[in-house]
Amino acid sequence: MLLLPSIHHGMRRTVYALSSRWTTLFRHLCDGVPPASVDAETIFALSSGHGKCGVAVVRISGPASTSALRCMAGQMRNLPAPRTALLRSITHPYSKEVLDRGLVLWFPAPHSFTGEDSVEFHIHGGPAVTAAVLQALGSVPGMRPAEAGEFTRRAFQAGKLGLTEVEGLGDLIHAETEAQRRQALRQMSGELGRLYQGWSHKLKRCLAHVEAFIDFSEDELIEDGVLNKVDRIVRDLQSEMTRHLQDERRGERLRSGVQVVIAGATNAGKSSLLNVLCQRPAAIVSPIAGTTRDVVETALDIGGFPVLLSDTAGLRESLDLVEREGVRRARERVEQADLTLVVVDCSGLPTDVQQAAAFLQDHLGRVLPPQDDIHAAFRSDRCLLVLNKVDLLPEEQRQTLKRELGSISRLPLCVMSCHTNEGLQDFLTTLHCRVKTLCGNPLSGAPTLTQARHRAHLQQCVAALDQYQRYRDLDLALAAEGVRLALTSLGRITGKIGPEEILDIIFKDFCIDRWHPGDGRLCL
């Protein structure tokens, strides 16, 4: 079929017109973000957090932000130099009463956080001052208080931040440990987003090539081997994504905290261990067996890594309904734990080392979930044996226990006393190593998954690429749909996907709109 240049260019314009009408709706469906309004409202909010502080930052973003600057900071004629702090009296726009004296900064579009004209007032952080300034801003026509996260939403809609960068910014704000800060800062810098964008770009090219093959191959306008290249890229991407998913949830674990559960028999010293780690009386300790009935949780920072530590009820058979419920909850927590600290009262161990090793093996079988292999649990850093109350043992037995039990039982263990703190430092060092292994180094290697939604969408992407490979030789249209679904899944992570991008690649890669004057055919 011969396409004249004028006819083809008209077709292209029609395609672009149709795609343009659907682009906004398509992005809305894919990204879950409503399209930006043409006439955006000007918003304002306290950006530095609530409560008393030395300095509070009030941010204004939108077309009326310069009006607020002029009428409230004495800038009636000329605006200040961009991104330059000036000391000004902040006045009420109508009564001209001085509300405070502080710094004002102007960020003209598009060089601002939101991509819009923005203004910041750096004022004193007293509640009365911030309330007066916010109330005065609310009286300026065309301005309203910002909704939660609206500044960041506008930054995303303006293309200043991708979805993964937005999530990294949120994680950075909520980071409580050094490792969380490092991971969030790395994600906010766009490294994870660039990884996904690279995959997305390859998938767009694959989809464009498959679509072009479907539409133009019968006219012999597509060179041989196009689909073979697509096959190779799809296989490579699928392998790369599968390796990315096999990260043992390190990034997610670092973001939300390592679930560490203290478990064991009654009166082994579990609550005492919790109190030692918390450095406060977080749990009740008594010589009465079964004192702890429910799960007691506390958040800790172990060497820069976040830990959610849980003390549980002692594991034993009981006729008491309340205690039985506590035991059920304890076993449930052990099944969900990233790391289980199995606490044993070593004063009750057999004096013979061989018998003590056999006792510990049997005890671990009763504490850990039935499907777990004990040695596999230790090798995967999911369990740590803590022999407590070593101060109650004779000196000779104590030394034998430390020297021989670990090698005979082949179980990594810590010998300590919560009462005298003997062996505590060695235990903390071991615990830190285990937690670090579970979280990984947030600054080394490829960026890791940090959100459950990332994992879900990537799994959908891999499944969609499976569809392409299944239907590659049976139905190329269904195979192309698999690539399209994979691309959509990636777009839901990054927030960037649109039909026009596919059309651009088709026309660019295959020169569909070029007329070759020599042979009257399209140049590919």
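The values are calculated or read from the model by the stated rules, or taken from the named source; none is laboratory data. Quick caveat: nothing in here was measured; it's all calculated off a predicted structure. We place every Cβ from the backbone using ideal geometry, glycine too, and count neighbours over all the protein chains shown. Side chains included, ligands, DNA and RNA excluded: accessible areas come from the protein's heavy atoms. Shrake-Rupley method; radii C 1.70, N 1.55, O 1.52, S 1.80 Å.
Some values worked out for this structure:
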| quantity | calculated |
| --- | --- |
| Dipole axis of the range 63-127 (+1 Lys, Arg; -1 Asp, Glu on Cβ), positive-most option in Ser65, Leu103, Gly125 | Leu103 |
| Total charge dipole magnitude, the range 152-298, about the Cα centre, Cβ charges on Lys, Arg, Asp, Glu only, Debye to nearest 20 | 1060 debye |
| Peptides ranked, highest mean first, by Cβ atoms within 10 Å: ranges 327-337, 302-312 | 302-312, 327-337 |
| Of all accessible heavy-atom area on the range 391-446, the percent that carbon and sulfur account for (1.4 Å) | 52 percent |
| q = 0.17, 0.23 Å⁻¹, the range 233-352: log10 I(q)/I(0) [Debye, one scatterer per Cα] | -0.86, -1.28 |
| Once the Cα gyration tensor of the range 68-139 is diagonalised, semi-axes √(5λ) in Å | 20, 13, 11 |
| Accessible area (Å², per residue) of the range 241-399, counting only protein heavy atoms and a probe of 1.4 Å | 47 Å² |
| Heavy-atom accessible surface of the range 218-317: percent carbon and sulfur, 1.4 Å | 44 percent |
| Table column - 3J(HN,Hα) (Hz), the range 268-282, Karplus curve with 6.51, -1.76, 1.60, x for Gly and Pro | 8, x, 5, 5, 5, 5, 4, 5, 5, 5, 7, 6, 6, x, 6 |
| Cα-centred dipole magnitude for the range 339-465, charges only on beta-carbon of K, R (+1) and D, E (-1), debye, nearest 20 | 660 debye |
